[in-house]
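The values are calculated or read from the model by the stated rules, or taken from the named source; none is laboratory data. Quick caveat: nothing in here was measured; it's all calculated off a predicted structure. Every residue, glycine as well, gets a Cβ built from its backbone with ideal geometry; the counts of neighbours run over all protein chains shown. Surface areas here come from the heavy atoms of the whole protein model, side chains and all, with no ligands, DNA or RNA. Shrake-Rupley method; radii C 1.70, N 1.55, O 1.52, S 1.80 Å.
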Amino acid sequence: MEVQFREFNPFDLWIWLEFETTPSPMEQQYVEEVFNSWFYLGKLGAFNAENLQVQDMGVDISYMDYNVEMSDHIMMAPMHNMAEFQYEGTWGRCWFDLGTSDLISLDILINSLHQLSKEYVNINKLIIGGENEDWKVDARQDAMFADN
């Protein structure tokens, strides 16, 4: 799976997938479950790089003291909005307002889609941000998502 980054605006972000073939309804369901799960975690503030206590601890986390109160003293990092996933031929896309979630969220999404592509749905390309010459974004549609 090729990964491309284009113009990035976290508050107005299109994510595009190019599939090997037109995805079946079951393949669409797999893809949408990944994106919905990713968004719900983001909506709950899961992608907050200021609170990565376990990651920052290193390999040995046995008997680690986890500071639950730390999250009360850091800025929230929730995602704000997600549109419905759309398909056209071998392309799929979805619009997001990532809010103040941190960029670790994109690494997690890329890792998830990479594994999904290896096991369930052949994804040729993931494009994060910008425009897609093969499927233009209608200005009215773009404005509609921005108002959500």
Quiz item: Is there a residue being of a type outside the set (Val, Ile, Thr), buried (at least 17 other Cβ atoms within 10 Å of the Cβ) and over 18 Å from residue 119 (Cβ atoms) anywhere in segment 54-64?
Solution: no
Considering residues that are at pLDDT 90 or above, polar (S, T, N, Q) and under 21 Å from residue 40 (Cβ atoms), the number found within segment 90-148 is 6
Among 27, 18, 7, the single one that is at pLDDT 95 or above and loosely packed, with under 15 Cβ neighbours inside 10 Å is 7
**Prompt:** Looking at this structure, is residue 40 open to solvent by 80 Å² or more (accessible area, probe 1.4 Å) and at positive phi?
**Reply:** no
Filter pass, residue 69 being open to solvent by 90 Å² or more (accessible area, probe 1.4 Å) and farther than 27 Å from residue 97 by Cβ: yes
